[in-house]
Structures are given as C-alpha cells and as structure tokens.
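Notes follow the structure.
Quick note: the coordinates plus some simple rules give every number you see, no bench work behind them. Treat the numbers as computed from the prediction; the structure is a model and nothing was measured. Heads up, the Cβs are rebuilt from the backbone with ideal geometry, glycines too, and the neighbour counts pull from every protein chain shown.
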Amino acid sequence: MRVLSVASEAYPLVKTGGLADVVGALPAALAPHGVETTTLLPGYPAVVRTLQRPAVARRWDALLGVPARLLKGHIDGHPLLVLDAPDLFARDGGPYADATAADWPDNWRRFAALGRAAADIAGEYDLVHAHDWQGATAAAYLRYDDSVVPSVLTIHNIAFQGRYDAAVFAGLELPETAFALDGVEYYGGVGLLKAGLASADAITTVSPSYADEIRRPEFGMGLEGLIEARGDRVTGIVNGIDPAVWKPATDTTLPACYTARTLSRRRANKRALEAAFDLEPGDGPVFVVVSRLTWQKGMDVLAGAIDALVAMGGRLALLGSGDAALESAFLSARTRHPGRIGVRIGYDEALSHLLQGGGDAILIPSRFEPCGLTQLYGLAYGCVPVVARTGGLADTVIDANEAAVAAGVATGVQFGDVTVDALVRALRRTTGLYEQRDVWTTMQRQGMRADFGWTRSGARYAALYRSLIAA
Ligand code: ADP
Ligand code: GLC
C-alpha cells in the first residue's frame, strides 16, 4: 500500500513541536504493516538544502498562481517529496512566521498550495494522510476533484485552525459550491482545517481522550459541532515515540546511557544538567520543563507555583520559548532564586534529551493536550511525569494514588484543575513520593517498561487505511 503523508513539519528536517516527531516517525512505524509512506513537505530553505541533486518529479507553471516543482529526496531512508515554490517558501524565519514571530500573511496560500500539490499527485498513491490545518486542504481538493483516492486527516491540535477572511476563497481555486456550510465556509470566513474535517473520509486525533474532548465546546474551539456530526469517523490513535531517537540505553547525546536496571547511572546526567542550568548540586528533586511557553501548556500556572516549588526544597530546570511575558516571568524567577531555578530560553534538541535523562520529574500542567510527547519521553527516560489530567496526558500516565502505588503500577502524578493550588499540591505529592526511594524507583521502572513504541498505533493506522481503501 502506498500512502502520501502531507504535513508542514517532519523531524529531523523541520520541527517546531510534536507534529514533526510524529510525521517523522510514521514511515518507519507503518513499514512493518506493508505501508510505504512518502512524506510531502513544503520547500523551506532548510529542507531544500538537504536535498542532493534532486530529481524533479513534477512542475507547475502556476500552482495557485505561483511556479512550483516537486523535488525527490529521502527522510531517514523513506521517500520524500519537497514542494519547491520559492514565492511561497524561500524566506528567512520559521515555517509559519517571520523572524519577529508574526505569521506570514499568505499562510493560507502557502499551505493550500501544499494541499493542491498533494491532490494533483494523489493518483500515484492508494491514500492521502494529511496532518493539521496545513495539510487539511489536501482532503478538500480531493473531494472537490471527485477523486477516488481516500483521505485521512489527523488533528494534532484543534486550536490551530487556519482561519482566514472570505476574500481568500477565490485564491484557493475551488469550485464556488465549496464556499458552503458543509465545505470551506467557517463563521462567514474560510476555515482550512474545517474544510478538511468536512471532506476527509476519516478523521483521527492523537489520543482517545482528546477524541472525546473535542466533541465539547470547552475543547472543540468552535469545531465541536462538526466533530460531533462526523460521528464515528472520528477516532483517537495515541502517538508513539521513535526508539531510534528516544531511548536512554543508546542515547549518545547523554553523558551516561542507562536502562531500568542501571538507574544509578542517571546521577552523572543529573550533575551535567545542574551544571548546564547553573543549579546548585544536590540530591533533592530537580523538576524539568521542555515546552512551548504558552497558555495551552499552563506555563502561567507554573510561573505562579515556582516560589512554592523552591520553598519545598525543589529545583527547576526549564527549556522553552514562546510568549514574551512568560519568558520574562521565568527569567525573573531565576533572578529571585539563583541556584534553584535554571532557565534556557530557546530551542535545543540535545539539551531536551539531557533534561529527560538527568531530571527527576517533568512538569506538564497543560490546559489541553491532544497527546503530548514530552511525558512519553519522560516515561521512557525515568523522568517521572507530573501532568494535568487531560487529553493524551490522562491516557498515558498512571497516577500514583494509593492503590496504584500498592500494586506497583503507578508511573507518574496526575492532577485535576490547572490552577496554582492544584499544581502546588501535586508538587508536594511528588516530593513526598521522591523521598520514598523504593516507591520512586518502582515508578521510574514502571514507566520505562511501559510500551510507548509505535507497534500498536502503527497497526491501527494501517488498519484504518485498509478499511478506507477497501470501501
Ligand atoms: P507540542 O507539539 O504541543 O508543542 P508535544 O509534547 O507533542 O507538544 O511535543 C513537543 C516536542 O517539541 C517534543 O519533542 C519536545 O521535546 C520538543 N520541544 C518543545 N520545546 C522545546 C525546546 N525549547 N527545545 C527542544 N525541544 C523542544
Ligand atoms: C500537537 C499537540 C500535542 C501532540 C502533537 C503531536 O502539537 O499539541 O499534544 O503531541 O501535536 O501529535
């Protein structure tokens, strides 16, 4: 079976978050199930640069108005197609925004062109799998082309919807009939995610809990009605993690590799982590954060809990970037608590491994979390996750309540409301568990033994693909 996977990021070529990890891992996850995945990415300069003497698979004089070509390459040994359209993608800055973090005003055209290109070549594949609003138009173009090729759309985060003014509709080059309630039209404007959700043959999201949550207004963010209407075409398939990248036994970015049986080797990583973050060395717990610094991630709540965290003997090492106000809140906490709070503003893949491999507990107080990957990395690395009970966090972490601790099955700490009080209570509970060394070690080992590889979820995607191709 040949599948075209359409996305705006894929590790290791371009990454701003978990979407890239998942899109990057899918080809290898699906291969054992007889699926050959070709990944289609936008031709950002950093992606085009990795191609060596690429063959040209296709050319357009005007793809939504601009010249474009498709270049062939490889991503981790799997087929890759890159949409080289300099008018859209040859720019400095990030995939979605310029150097000042302002979204490119023509993002609708940039990613609609990606979807249009996918639909144009879809005939060479058995199925198209689109990701998030940036890939979603692929499903809409296939539908309005009357294509026989089925489509799957995966929602990694329904908060990002690709909403634009109705004026952009003409530029999408869809038939007039597509500007309708069951098409592209969204609250009077254009909704690119909405267009995909209304068009795809199947919709998945990245955890079963989130699949339920987005049927409700608190999480559906305006799309709950459509999600509900699409009924059992919407399912949750939890993300896996890529053991080639995230495995402490073979992680060469760490000062010391280790397994569940050699946890004491983590000490060397903890010392390196303390040094990297200017923390005073010690045996008390080091909490860590690797996150976008945003409201979704509950980072304002964490900022409010920092003084209490320090007062209970904790230290914190935080790596992240995002909202300017949150960045400065953490930097000022570092000034208040030298040696206890360490902060790195920025994006650093290697340092994120050291935090998981040397930290004691990773804090994830998200207000919503479609799946979340950092808790899965934490589990694999013996860095105990402390998480809000929502979405994929609720589905993947087993709370250390009395029964779970007694049965030896706990893997982390969950808390309910995302408030400073609830987080502080969770931190206190975590510190208490940390002091019971046997209990803590059992939790670490349970997490490390849990299977968050791609075997089960890869099989579920493959089964979904098959059901659509057969239909
Ligand atoms: P989201 O995609 O919503 O940001 P996830 O938990 O699914 O959340 O994925 C985040 C991914 O980005 C993980 O691989 C995490 O390690 C990585 N990450 C987030 N912030 C940083 C950072 N500042 N430096 C390095 N990696 C980061
Ligand atoms: C999104 C979500 C995150 C999820 C990731 C990969 O970025 O915010 O929860 O893990 O996509 O699916």
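Nearest 10 degrees is fine. How inclined is helix 437-449 to the longest principal axis of the chain, computing both from alpha carbons? Result, in degrees: 20. Looking at segment 145-238, the chymotrypsin sites (Phe, Trp or Tyr not before Pro) that sit in a DSSP loop and have at most 13 other Cβ atoms within 10 Å of their own Cβ are Tyr187. Does segment 282-372 come out rounded, prolate or oblate by the C-alpha gyration tensor, with a ≥ b ≥ c the root eigenvalues, rounded set by a/c under 1.5 and, if not, prolate when a/b is larger than b/c and oblate if not? The shape class here is rounded. Electrostatic tally near Phe368: other residues with Cβ closer than 10 Å to its Cβ, Lys and Arg +1, Asp and Glu -1, net -1.
Under the convention that each Lys and Arg Cβ holds +1 and each Asp and Glu Cβ holds -1, the size of the dipole of segment 263-449 around its Cα centre is about 380 debye.
Stretched out fully, how many nm does the piece from His74 to Arg449 gain, at 0.36 nm a residue minus the Cα gap?
131.8 nm
Just to confirm my numbers, what's the Cα centroid distance between segment 210-260 and segment 147-170 in Å? Their Cα centres are 19 Å away from one another. Ordered by the count of other Cβ atoms within 10 Å of each Cβ, fewest first, Trp133, Trp246, Trp60 give Trp60, Trp246, Trp133. Amide H to amide H, with H built 1.01 Å from N, Ile362 comes under 5 Å of Val288, Val384, Val386, counting only residues 5 or more places away or on other chains. Report note on the peptides 353-361, 16-24, 82-90: ranked by the mean count of other C-beta atoms within 10 Å, highest first, their order is 353-361, 16-24, 82-90. Placing a pseudo-label 7 Å from each Cα along the Cα-to-Cβ vector at Thr50 and Asp438 gives an inter-label distance of 4.8 nm. Taking amide H as placed 1.01 Å from N in the peptide plane, Thr204 has its amide H under 5 Å from the amide H of Leu153, Thr154, Ile155, Thr235, each at least 5 places away in sequence or on another chain. Each Lys and Arg adds +1 at its Cβ and each Asp and Glu adds -1 at its Cβ; summed about the Cα centre, the chain shows a dipole of about 1340 debye. Charges were assigned to the Cβ only: +1 to each Lys and Arg, -1 to each Asp and Glu. The resulting dipole of segment 49-159 about its Cα centre is roughly 280 debye. Positive contributions from Lys and Arg (+1) and negative ones from Asp and Glu (-1), summed over other residues with Cβ under 13 Å from the Cβ of Ala459, come out at +2. Positive-end ranking of Ala55, Ala117, Leu142 along the dipole of segment 47-150, with charges on Cβ about the Cα centre, is headed by Ala55. Length available on full extension from Arg2 to Gln296: 0.36 nm per residue minus the Cα-Cα distance, which gives 102.3 nm. Report, to the nearest 10°, how far helix 299-311 tilts away from the longest principal axis of the Cα atoms in the chain, using its own Cα long axis and a range of 0 to 90°. Between helix and principal axis, roughly 10 degrees.
If R0 equals 56 Å, the separation of the Cβ atoms of Ala249 and Arg91 corresponds to a calculated FRET efficiency of about 0.90. When the helices of the chain are scored as -39500 (n - 2.57) per DSSP H run of n ≥ 4 and the total is divided over every residue, the value at 222 nm lands at -11500 deg cm²/dmol. Here the spin labels are modelled as points 7 Å beyond Cα on the Cα-Cβ line, and at Ala260 and Ala459 they lie 1.9 nm apart. Here's the picture: charge each Lys and Arg Cβ at +1 and each Asp and Glu Cβ at -1 in the chain, and of Ala317, Tyr187, Pro27 the one pushed furthest to the positive end of that dipole is Ala317. In this simple spin-label approximation, Asp348 and Asp421 carry label points 7 Å from Cα along the Cα→Cβ vector, and these lie 3.7 nm apart. Where Lys and Arg each count +1 and Asp and Glu each count -1, what net charge lies around Thr250 among other residues with Cβ under 14 Å from its Cβ? Its environment carries a net charge of 0. For segment 89-231, rounded, prolate or oblate, judged on the Cα gyration tensor with a ≥ b ≥ c (square roots of eigenvalues), a/c < 1.5 rounded, else prolate if a/b > b/c? Verdict is rounded for segment 89-231.
What FRET efficiency, computed as 1/(1 + (r/R0)^6) with R0 = 35 Å and r the Cβ-Cβ distance, is obtained for Ala403 and Ser332, rounded to the nearest 0.05? Can you show the working numbers first?
On the way: r = 41 Å, r/R0 = 1.16.
According to the calculation, E is roughly 0.30.
Three semi-axes describe the equivalent ellipsoid of the chain; taken as square roots of 5 times the Cα gyration tensor eigenvalues and ordered largest first, they are 39, 22, 22 Å. Could you work out how far helix 324-336 tilts from the main Cα principal axis of the chain, as a 0 to 90 degree angle to the nearest 10? Between helix and principal axis, roughly 10 degrees.
For the pair segment 277-319 / segment 57-121, the C-alpha centres are spaced 38 Å from each other. Protection proxy ranking for 119-126, 378-385, using the average of other Cβ atoms within 10 Å per residue and placing the highest first: 378-385, 119-126.
Across segment 326-471, Cα-Cα pairs more than 28 Å apart make up 26 percent of the total. Residues Ser321, Ser5, ranked from the fewest to the most other C-beta atoms within 10 Å, line up as Ser321, Ser5.
Tell me which of Phe415, Gly171, Asn401 sits at the most positive position along the dipole axis of the chain, charges placed on C-beta atoms (Lys, Arg +1; Asp, Glu -1). Comparing the listed Cα positions along the dipole, Asn401 ranks first. Please say if segment 347-426 is rounded, prolate or oblate, where rounded means a/c under 1.5 for a ≥ b ≥ c the square roots of the C-alpha gyration tensor eigenvalues, and otherwise the choice is prolate for a/b larger than b/c and oblate otherwise? Verdict is oblate for segment 347-426.
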